[in-house]
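Contents: one structure, followed by commentary.
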2 protein chains.
Amino acid sequence: MHILSHSRRLRTTPFTARVEAAGVKAYTTYNHMLLPTVFRSVEEDYHHLKSAVQVWDVACERQVEVRGPDAARLVQMLTPRDLRPMVIGRCFYTPMVDETGGMLNDPVTLKLAEDRYWISIADSDLLFWIKGLAYGRVLEVDVTEPDVSPLAVQGPKAEDLVARVFGEDIRDIRFFRFREVTFGGQTMVLARSGYSRQGGFEIYCTSTALGPALWDALFEAGADLDVRPGCPNLIERIEGGLLSYGNDMTRENTPHESGLGQFCDTITAIGCCGRDALLRVAQEGPIRQIRYFSIDGTALPPCRTPWPITAGGRQIGQITSAAWSPGFATNVAIGMVRLSHWDEGTSVTIETPTGHREALVHEKHFLAA
Amino acid sequence: MHILSHSRRLRTTPFTARVEAAGVKAYTTYNHMLLPTVFRSVEEDYHHLKSAVQVWDVACERQVEVRGPDAARLVQMLTPRDLRPMVIGRCFYTPMVDETGGMLNDPVTLKLAEDRYWISIADSDLLFWIKGLAYGRVLEVDVTEPDVSPLAVQGPKAEDLVARVFGEDIRDIRFFRFREVTFGGQTMVLARSGYSRQGGFEIYCTSTALGPALWDALFEAGADLDVRPGCPNLIERIEGGLLSYGNDMTRENTPHESGLGQFCDTITAIGCCGRDALLRVAQEGPIRQIRYFSIDGTALPPCRTPWPITAGGRQIGQITSAAWSPGFATNVAIGMVRLSHWDEGTSVTIETPTGHREALVHEKHFLAA
């Protein structure tokens with residue numbers, strides 16, 4: 001166990017004072033910002049997330065705002081997903097790649113207006129890539145990091161809680177849709193989305209000054225719902241097959257390897273950087289791909305470096321995230337494995353820090369219907 | 001105090017196993033990688049750094065390699081420093097800015113060949129900006145993050161230790177010069193540089209596999225020099241006026257505000273992004289600038305958010321880094337202050353988390369000759 005040394009460089013959020021008053025125990029860093037990881041314990045937080053409602057400080061999901069006459073053209077340059085069907089009010093999960101087809105980020109993109117987008121980013125300075133492209137191509141856009149800090153409300157009672165604060169109308173918001181709401185006189189964005197499989201919303205708080213009041217409003221409204229502070233939960237997100245950029249895929253990987261081919265329209269996404277590099281893998285498929293794993297034995301330590309997956313003594317892949325699942329009474333894991341061994345039910349060996357373990361390959365995540 | 005949650009996304013280094021065996025107590029994260037911050041205590045590490053020699057895992061100073069026929073042109077696009085005088089074997093401290101003149105990073109750039117540079121970066125994904133520019137401008141370059149992990153040897157006995165491992169010749173390497181050396185049959189780069197004012201070298205380890213052997217060779221050779229594991233020391237770097245990107249300056253700031261005007265040749269750096277935006281501030285000077293401060297009273301907590309600097313009840317600047325200095329028996333600090341209050345010896349008030357404190361402005365850092 002290591003202490004995290006605080007500094008301005010590891011930015012606090014509009015909610016940090018509340019998170020720390022609530023007793024956060026551990027952090028990770030994400031986009032140069034603090035992201036809570038544990039309140040009571042990862043297991044206790046997990047059980048609560050699945051049964052009640054939590055408020056998550058995910059301000060570290062920073063926004064890159066792209067605005068101007070060339071905004072739509074620039075955003076299409078970023079992703080092999082065809083954005084032509086995207087209308088205002090939609091969230092699109094958008095793998096973003098460099099000129100080699102290597103993943104740079106896997107954000108959710110929100111279309112706010114015909115000439116204005118928010119790109120809600122995973123952990124890399126995507127702002128720099130987009131600014132570089134815009135400057136290099138002399139595009140008419142402004143690319144900025146606005147004062148927007150997402151606060152997630154997740155769990156089976158999330159809709160009830162959000163309805164109490166923002167009104168019953170919000171129940172009509174469909175998955176990956178958003179609408180504008182008002183809080184404290186300020187226009188904010190409310191989306192049905194979030195990094196869990198328990199359902200819920202993300203409130204894009206557009207004012208640092210209003211952060212604590214927004215937090216407090218949710219806790220006051222939800223007292224009888226057992227609302228608690230929470231955070232993306234390692235166990236639940238692995239059970240649910242939610243990938244983490246930097247953990248489960250990096251610049252080394254294509255979206256197709258990352259199991260995100262369903263979010264790519266490489267052939268029709270004209271203008272996308274990396275399209276040439278991806279055309280073959282889009283047509284023929286990758287030779288390795290994300291899979292889910294159940295690993296035998298007792299609880300494993302966190303996966304700090306990739307654990308080799310082997311079969312017959314040869315390495316055929318690697319595990320990149322793992323956790324003990326109380327719900328499934330096994331270690332659940334995410335990794336990438338070669339096509340020779342990626343079919344459902346294949347037996348493989350994992351070289352963990354605590355020795356070799358037997359494991360099974362799963363094509364669907366543990367919470368899949 | 002908060003625990004840091006480990007994951008693959010917070011990358012380990014070639015030296016992490018040694019650092020943890022040596023009892024590292026705390027980390028920060030830097031370029032998505034672990035950077036040690038405390039071994040015995042910040043104060044004990046500080047006294048030792050000033051009297052002996054330390055080996056620092058600064059692998060988080062990742063390299064961006066720019067290689068190809070357009071490499072020199074692209075590197076000049078990145079910085080308002082005129083790179084024409086740069087010859088092979090030189091390290092240049094190079095503030096890098098965006099099209100608005102806002103700082104994106106403050107790396108040390110190494111010229112390895114006429115068509116090959118390493119940019120040894122501070123904490124931001126500068127790779128993304130450079131790749132974006134190269135792609136946008138259709139330049140003939142390859143921009144990559146190579147397998148290069150700096151290991152610093154710092155302290156008054158650093159030269160003796162490095163000479164024992166790499167030979168007496170290395171004593172001839174002048175400040176901010178480098179040469180190639182061989183370790184374990186592998187060509188590496190040895191520069192006289194480092195993030196302290198105690199003197200020393202940085203070994204650019206070009207092989208993850210050789211990292212532990214390089215660490216061990218330094219500890220074996222330096223046993224009688226009291227060599228210890230160390231890390232950039234908060235107290236010493238503030239005393240020495242060494243800026244930290246993300247702490248003391250951000251994208252909000254120009255190099256001139258950041259006190260780095262001496263490293264800018266904005267008028268002659270033809271082709272630099274942001275040159276238009278910087279021409280006026282380069283000629284007229286900034287209206288706020290980095291200064292050093294001694295803050296009265298007892299030891300202050302870490303500076304997690306900027307502390308306002310006030311005079312007559314009005315805010316005139318902010319403190320961004322602070323630490324108790326045993327050597328100077330005061331709190332030493334770095335901040336930015338308006339020109340009305342930046343002269344040597346000006347009295348100002350600092351709004352710290354523990355209340356108002358009186359402070360004095362210093363134009364030179366505490367270790368200046």
Original post:
Hey, what number do you get for chain B at 222 nm if only DSSP H runs of n ≥ 4 count, each worth -39500 (n - 2.57), divided across all residues, to the nearest 500?
Top reply: -5500 deg cm²/dmol
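Please identify the helices of chain A, taking whole runs of DSSP H, that span at least 27 Å along their own axis as judged from the Cα atoms and have a mean Kyte-Doolittle score of 1.6 or higher. Could you put the intermediate results ahead of the total?
Details: long enough: none.
Helices meeting the criterion: none.
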Original post:
Given the options B:Gln198, B:Gln283, B:Gln63, which has the most mean-square fluctuation in a GNM of chain B, springs set between C-alpha atoms less than 10 angstrom apart?
Top reply: B:Gln283
Subject >> Using alpha carbons only: equivalent-ellipsoid semi-axes of the range A:287-369, gyration tensor based, whole Å >> reply: 17, 16, 11
Original post:
How do A:Met33, A:Met96, B:Met86 rank when sorted from fewest to most other Cβ atoms within 10 Å of their own Cβ?
Top reply: B:Met86, A:Met33, A:Met96
Original post:
Using the 10 angstrom Cβ neighbour count as an exposure proxy, how do A:Asp98, B:Asp224 rank, fewest first?
Top reply: B:Asp224, A:Asp98
Subject >> Descending Cα extents along the principal axes, the protein assembly as shown, whole Å >> reply: 69, 67, 48
Original post:
Using a basic spin-label model with each label point 7 Å from the Cα along Cα→Cβ, how many nm lie between B:Lys364 and B:Glu99?
Top reply: 4.2
Subject >> Amide H contacts of B:Gln198 (H built 1.01 Å from N, under 5 Å, at least 5 apart or other chain) >> reply: B:Gly155
Original post:
Say the dipole of chain B comes from +1 at the beta carbon of Lys and Arg and -1 at that of Asp and Glu; which of B:Gly155, B:Pro229, B:Thr12 then lies farthest toward its positive end?
Top reply: B:Thr12
Original post:
Highest GNM mean-square fluctuation, chain B, Cα pairs closer than 10 Å: which of B:Val165, B:Val337, B:Val148?
Top reply: B:Val165
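Using only the C-alpha atoms of chain A, find the volume of their convex hull and express it per residue in Å³.
Normalising the Cα hull of chain A by residue number yields 140 Å³.
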Subject >> All-pairs alpha carbon distance profile, the range B:1-96, 5 Å steps from 0, percent >> reply: 2, 10, 16, 17, 13, 12, 13, 10, 6, 1
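Based only on other Cβ atoms within 10 Å, what is the fewest-to-most ordering of B:Glu358, A:Glu236? Please report the intermediate quantities before stating the final value.
Details: B:Glu358 12, A:Glu236 27.
Ranking B:Glu358, A:Glu236 by Cβ neighbours within 10 Å, fewest first, gives B:Glu358, A:Glu236.
Place a +1 charge on the Cβ of each Lys and Arg in the range B:202-285 and a -1 charge on the Cβ of each Asp and Glu, then give the dipole magnitude about the Cα centre in debye, rounded to the nearest 20.
Numbers: 5 positive and 13 negative charges, 74 e Å.
That gives the range B:202-285 a dipole magnitude of about 360 debye.
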Subject >> Simple Cβ-charge dipole of the range A:42-200, Lys/Arg +1 and Asp/Glu -1, about Cα centre, in debye nearest 20 >> reply: 560
**OP:** Place +1 on the Cβ of every Lys and Arg and -1 on the Cβ of every Asp and Glu in the range A:87-143, take the dipole about the Cα centre, and give the residue among A:Val87, A:Tyr117, A:Val141 whose Cα lies farthest towards its positive end.
**Re:** A:Val87
**OP:** Provide the per-residue ³J(HN,Hα) series for the range A:189-206, in order, calculated from phi with Karplus coefficients 6.51, -1.76, 1.60 and θ = phi - 60°, each as a whole number of Hz, with x at glycine and proline positions.
**Re:** 10, 10, 10, 8, 6, x, 8, 8, 9, 9, x, x, 10, 10, 9, 8, 6, 9
**OP:** Under a 10 Å cutoff between Cα atoms, tell me which one of B:Thr268, B:Thr354, B:Thr305 has the largest fluctuation in the Gaussian network model of chain B.
**Re:** B:Thr354
**OP:** About the Cα centre of chain A, how large is the charge dipole given +1 on each Lys and Arg Cβ and -1 on each Asp and Glu Cβ? Please answer in debye to the nearest 20.
**Re:** 320
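Give me Rg over Rh for the range A:51-113, both radii from the alpha carbons and Rh done the Kirkwood way, two decimal places. Please report the intermediate quantities before stating the final value.
On the way: Rg = 13.9 Å, Rh = 13.4 Å.
Radius of gyration relative to Kirkwood radius: 1.04.
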**OP:** Give A:Lys111/B:Lys131; A:Lys25/A:Lys50; A:Lys131/A:Lys364 a once-over and call out the pairs whose C-alpha atoms are over 27 Å from each other.
**Re:** A:Lys131/A:Lys364
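The numbers here are math on the coordinates, done by the rules we state, and not lab data. Everything quoted here is computed from the prediction, not taken from an experiment. Here the Cβ is made from the backbone with ideal geometry for all residues, glycine too, and neighbour counts use every protein chain on show.
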